[in-house]
Structures are given as C-alpha cells and as structure tokens.
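Take a look at the structure set out below.
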Amino acid sequence: MTLTKPTYSTFFHKLKTTLILLLVSVFQLVSAQEIDSTKTEKDETPFFSFSWSQIQLDETLKPYYDALKTAEFGAQRFSVFDQLIEKHAYKANTDSVLHYGNLYVQELGNWDKPEKEKKYLYAKAYYFMSLGSSLNGLIDKSIEWNIKGLQEAEAINDTEFLYLHKVSLAKNYITQDKTDKAIDLLTESIDKYGKQHSKVTNKALMQLGNAYAKKQDYTKAEEYYNSSLELAKQFKDLEVELEVRLQLTKFLEIKKDYPYALKYYAEISNEAKANDYNAIYYEGALLIAKVYYKQGYYDIANIGLTTAYVNAIDHENLEFQKQILTVQAKSYYKQEDYKNAYAVMTQLFSVLNQIKAKQQREIIKELEIQYETLKKEQAISDLKEDQIKQEAELDRQKTIKSAFLIGFLVILIPVIALLYTYYQKIQAQSELAKKNEEINNQKVTTLKQEQELKLIKASIEGQDEERKRIAQELHDSIGGNLAGIKLQLASVKEKTETLNTITGQLDETYQLVRDISHTLIPKKFRQDDFTQLIKEYTKSITNTGELKVEFHPHPEEKINTINEMVKMELFKIIQELMTNTLKHAKASNTDIHLNYFEDSITLLFEDNGKGFNKENNGDGIGFTNIKSRIEKLNGTLHIDSAVNRGTVISIEIPIKNTTNDNL
C-alpha cells in the first residue's frame, strides 16, 4: 500500500502544529478560562506548556564521543560505551542506545580474551540492549536480550546483573499482560537479592506496583509504590521518584479527580523536563492530553498529542508514537473530523510497520555479529591448521631421513600409512554418499509436499467453480422449468383441491431451488449498494439491545464498486468478528471503519469489551477462518488487545483492477 497522501497529510499536520505552537501560551490561557471560570484552590493546576523539545546535538556528550575516537580497542572503549549508553538512556534517545549497544556486543565478540573474562561485560551489554529495545517497543527482542544476559550472569554468579535482568524481564512481562508471572519473578528476586542490592530493589518495588495496578489491585499497588518512593528519596534517585509519583497520580485519574490529576501531572512533567528525563516528560505530557480528551476538551488534547508526537518522532521513540496516534485518532473521530482521523489511522499503521521492520533489523544485526564472530573463529582455525601442516611436514621429513638410515624395512611404514590414508578416504566418501542421499530424500519430500499443496489448491478452486455452475444450473434450468410448470397450472381453469396442493408444493420447491442457488452464490453481493448491506446487518444487531454497533464507510461510492468476491469475503470477516464480540467480548459498543484509499481497503474493528491475551487466545477457529480469508486476498492482519482493555483489529487488503466494471 502506498502512503503518499497520508504522509503528506501528516507533514502538513505537523507544519500546522508548529505554527500553532507559537500561539500555545495564549491558547492555554483562553482554554483554561473555558474549562472552569470558577476555579477553586483544588483546580489551580501549575502552568504546563506543550512544547516541542526538538532533539539537538548535546554538548555534554561531546567528551564521550571524543574519548571513543581515541580509546584503545578493548577495556577502554567498553568503559566509554558504558557511560555513553547510560547518557543516551537517560535522555530517552532509544536508537542511540541500540546503536552503541550493538557496537558493544560486536566488539566484545572480536576481543581476543577468554570467554570467561568477557561474560560480565556481555551481561552488561545485553542489559543495555534490552533497555533500548524496550524503550522502542520491541518487547520480544528485549526479553531475548534479558535471557541472554541472565545466562552470562549465572555463568559467573554476578548477582547484580542477575537482579537487573530479572527486574527488566518482569517489566516486559507486565507489558505483555503476564502480570502473575512478573509478580512471582519479582517477589523471588527481592527475597534473594533485595538486601544486597538496595538500589535495584527500588526499581523492583516500582514494577511490583505496576503489576498490581494492572491487575486493578490498587491497594497493594499503592503500598509498593510508597515503599519504592521512600527508597528513591533515601538514595536521592530523582528518576525513580518521578516515575513513582506519575504512577500514583494515575489513581486520581482513575477516580476521575481530573483537576488534581492535571495538577500533579503538570508538576511532575515540568520537573522531569527541567532535569532532562525525557521519557518521563513524554509520558506526563501524554497523560495530560489524555485527561483533556476524557473531559471532552478535544482541541487542547489534540495540541498536546500533536506536540508529543513531534517530540516522539524527533527522539525516534516508536512506542510513544503508537500510543499518541491511537488516542489522537479517537479524538478526531469524536470531533467528527474524519479526514484527519483517517490520516492519523494511516500514520498509525505506518508506525506499526516500522516497529515490525525494526524487529527484523535487530535480528539481522544479531546475525551479522554472529557472522563476524564465526569469521574470526574460522581465521583462528585456519592458523591452527597451517601450524599442524607445518608440523606434519617436519615429521614427514624426519621419517624420510630415518627411512634412509634404517634401511629397506622402514619403507613398509609409509606403505602402511598410505593404506591407512586410502582407508580414511574410502570412509569419507562413504559418509559423503550417505549425506547426499539424505539431502536428496529431503528434496523429494519437499517436492511431494509442494505438489500436494498445489493439488489441494486446485481441488478447492475446482469446488468453487463447480458450486457456481450448480447454482447457475439450479437457478436457470430447474428454476426456469418450475416457473414454466407453475404458469401452465395457473392457466388451468378448473381449480381442484389436488391442483391447489400441487401448486403450493411447486411454489415451495421453486423457492427451495432459489434458496439453494442463492446460498451457493449469494445474490446480495452482486448488488452495488454493499455499504447498505453492512448497515442493515449492523442495525439488526443494534436492534437486539445486546450491542451498539456504529458503521463508518468512506467513501461509500468507491467501496460499492469493489469486486463481488472481495465484498463477500469482507462481509464474512465482519460477521466472524461480530460473532466473536457477541460471544466472548462482553462489549457494549463496537465501531467499524471501512475506508477505500488509492489501491487498498482498510477495515478497523474496535470494541470496548474485556479483551484477551493474544498468546493464549489468538489462534481459535474464528481467528483461523479470518486469517485464511485475509491470506486469500493477500491482505494483512494486526491485532491489538489486552485483558480489560478492549480489542482493536486492523485489516488491510490491496485492491487492483477489481471494480465491477472489470468483471
């Protein structure tokens, strides 16, 4: 799918926002008067400016860059890497963390030291890679780095990095809604390492608070947050202190105490910005915009969200971009600004694709590092082989000299050696023949499987064609004959009870033939007004009172021109999604957005139900059918769901020369 127009739309959207930022201060004063003209002491929120903190060259990092240029390969460079990565993590420069983390791992692999001496540095480097991946939303990759770091730390029994990796791993589990797993890991780690490494315990307690907050056990969550806050003040750890205060303020938002929530979010965000804690500042600004959104002040929320989005782009933080765009799409929709809502949704798909691409690039980088390590090991192996050859040559020369000195009998020794070599060669050829046979067998098996798949596909296509043919025969031939018989019977002047019975049975048979033919090829999908068909379907569900369904097609006239097969598959996908929602989601509202843009159809299906864990419930029969239909149309599927957070399903299907005019 080409993203030319949405990208331009987003560009002008950012340009417009930059101009708006010049008037932000005045706008905020006016908006503040509109929000509450009768302020009390409780509502006196500290001034908070949604400002664009464009990333610039940080002069404080220049000494580290200079040191890296002159540092000797090995311990000196690794020391500079440690400090440089910590500085970038502090400022939330996620791509820089990953860049220098990858260099760290690559140079460790090329360092000519015993593996045992390098394990501590590997554990540290893997921790940095886990941190960078987590900040960029690459949670699966972050978990992989944690597991590698745990293996290295366990090999040398380094308790500090064992503790750090377990806390980081628990944080990733919380992000994936595996809260019970995270709680068990954190509790075990605190009992084992808590007294020995108190500063790490501070982070562990905060993550325990996050886990219980996600389980909606707010009493326990507040207890662990307060314990973490006390330790943070004791160690003067301002970063953790601000993070914990931000989490505690969320409880006010949950209680809908919005004035106090805004007050404390603003205080924390301003303090974070003043101390260059960019990640905390971004999150605080996003939370403030969300509060305005919840109160219905969408203009203010959009300014905050747009500014936060520009900041997230400048710092290349994809996770924040994803969160911001999700809220902003809803905000524009509430304002009935469907054009901007569609542009933001398109940009959201782009961000999701970037996250996938980054995950793929991280895999490739890791393979490159492994390849470089293997090359060095191969070079060492070649050197050893040359040494062995030289030693063998010396031995051979000594043997020849000994042969001349000892006499004819010693000649038997080379003969025996030749026989032994010949025997080894025969053995090697035999092994090679066996391996070639195995490879050939595997190729044959693969070809058989491919042929079976082709036969199955051909069989399915044949069945579809046969169904169409049977439907046409039923409708045209048998249906036509029955209609003719009915007309002949109707022309009989003398009406008897038997004739009336036959006529009734004939009507039933004719209707049955029509129903069967329409079932084989649904006539409703041949009609142009496809969007009206979906509207009637959603209206029928809304009328039951179980679920309120809203359908938003754009533009309708283009959607109604798509190929009949695509219409039928889309309708069945919507039916399957609606069935899943009715059976499992326990939702009260569902929104369906169907958009036709350039050469693709985009379907966004969102409900406010109880959600589900994608790992445990993502492969049921319903989703399997949906995935099969999407693959048939060469489309893509993205599922965003979590327990107690609803479900968002996005589907994109390419459309090329499939209008009804081309059928």
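The values are calculated or read from the model by the stated rules, or taken from the named source; none is laboratory data. As the structure is a computational prediction, the values presented were derived from the model and not from experiment. Cβ placement follows ideal geometry from the backbone for every residue including glycine, while neighbour counts extend to all protein chains displayed. Side chains are part of the model used for accessible areas, which takes the heavy atoms of the whole protein and leaves out ligands, DNA and RNA. Shrake-Rupley method; radii C 1.70, N 1.55, O 1.52, S 1.80 Å.
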> In the list Ala403, Ala433, which residue meets the criterion of being open to solvent by less than 90 Å² (accessible area, probe 1.4 Å), at negative phi and modelled with pLDDT of 70 or more?
Replying inline: Ala433
>> Six or more apart or on different chains, Cβ atoms under 6 Å: show the pairs whose first residue is in region 632-657 and more than 19 Å from Tyr596 (Cα to Cα) and whose second is of a type in the set (A, V, I, L, M, F, W, C).
In response: Ile639/Ile649; Asp640/Val648; Ser641/Phe612
>> Return the residues of region 586-622 that are in contact with an Asp or Glu (Cβ under 8 Å, 6 or more places away or on another chain), at pLDDT 85 or above and not in a strand (DSSP E or B); say none if nothing qualifies.
In response: Ala587
>> Filter region 215-236 down to the residues that are over 15 Å from Lys199 (Cα atoms) and not in a helix (DSSP H, G or I) and list them by number.
In response: Lys215, Gln216, Asp217
> Pairs under 9 Å by beta carbon, first residue outside any helix (DSSP H, G or I) in region 248-259, partner surrounded by fewer than 18 Cβ atoms within 10 Å (Cβ to Cβ) and not β-branched (Val, Ile, Thr), six or more apart or different chains?
Replying inline: Lys256/Lys294; Asp257/Lys42; Asp257/Phe251
> How many residues are small (Gly, Ala, Ser), out of contact with any Asp or Glu (no Cβ under 8 Å at 6 or more places or on another chain) and without any contact (Cβ under 8 Å) to a residue 40 or more places away in the chain when one looks only at region 160-213?
Replying inline: 5
> Which of the residues that make up region 518-537 are at pLDDT 75 or above and in a helix (DSSP H, G or I)?
Replying inline: Phe530, Thr531, Gln532, Leu533, Ile534, Lys535, Glu536, Tyr537
> Under the condition of being farther than 18 Å from Ser269 by Cβ and crowded, with 16+ Cβ neighbours inside 10 Å, which residue from region 40-70 is modelled with the lowest pLDDT?
Replying inline: Leu61
>> Quick check on this structure: which one of Glu222, Glu230, Glu239, Glu243 is over 23 Å from Asn613 (Cβ atoms), of a type in the set (Asp, Glu) and within 27 Å of the chain's Cα centre (by Cα)?
In response: Glu243
>> I'm trying to understand the selection: among the residues of region 538-571, which are open to solvent by 70 Å² or more (accessible area, probe 1.4 Å), part of a helix (DSSP H, G or I) and under 17 Å from Glu606 (Cα atoms)?
In response: Lys539
> Of these, Ile288, Ile303, which one is in contact (Cβ under 8 Å) with a residue 40 or more places away in the chain, in a helix (DSSP H, G or I), of a type outside the set (D, E, K, R) and open to solvent by 10 Å² or more (accessible area, probe 1.4 Å)?
Replying inline: Ile303
>> Can you tell me which condition Ile313 does not meet? The list is (1) more than 20 Å from the chain's Cα centre (by Cα); (2) open to solvent by 30 Å² or more (accessible area, probe 1.4 Å), and all the others hold.
In response: (1)
> Which members of region 98-140 meet the condition of being free of Cβ contacts under 8 Å to residues at least 60 places away in the same chain and under 20 Å from the mean Cα position of the chain (by Cα)?
Replying inline: Met129, Ser130, Leu131, Gly132, Ser134, Ile139
> Within region 211-228, which residues are under 18 Å from Ile268 (Cα atoms) and surrounded by fewer than 22 Cβ atoms within 10 Å (Cβ to Cβ)?
Replying inline: Glu222, Asn226
>> Can you find a residue that is among the aliphatic types (A, V, I, L, M) and in a loop (DSSP other than H, G, I, E, B) anywhere in region 629-641?
In response: yes
> Any idea which of Glu362, Glu368 is crowded, with 17+ Cβ neighbours inside 10 Å, modelled with pLDDT under 80, of a type in the set (Asp, Glu) and part of a helix (DSSP H, G or I)?
Replying inline: Glu362
> Residues in region 81-89: is at least one within 19 Å of Tyr277 (Cα to Cα), in contact with a Phe, Trp or Tyr (Cβ under 9 Å, 6 or more places away or on another chain), modelled with pLDDT under 85 and among the aliphatic types (A, V, I, L, M)?
Replying inline: yes
> Can you name every residue in region 130-151 that is in contact with a Phe, Trp or Tyr (Cβ under 7 Å, 6 or more places away or on another chain) and surrounded by 24 or more Cβ atoms within 10 Å (Cβ to Cβ)?
Replying inline: Ser130, Ser133, Trp145, Gly149
> For region 596-616, what are the residues that are crowded, with 17+ Cβ neighbours inside 10 Å and over 22 Å from the mean Cα position of the chain (by Cα)?
Replying inline: Tyr596, Phe597
>> On the basis of being modelled with pLDDT of 90 or more, farther than 15 Å from Ala204 by Cα and within 17 Å of the chain's Cα centre (by Cα), does Ile143 make the cut?
In response: yes
> What are the pairs, 6+ residues apart or on separate chains, where a residue within region 61-80 that is on the phi > 0 side of the Ramachandran plot and part of a loop (DSSP other than H, G, I, E, B) has its Cβ under 7 Å from a residue that is modelled with pLDDT of 85 or more and surrounded by 12 or more Cβ atoms within 10 Å (Cβ to Cβ)?
Replying inline: Gly74/Trp111
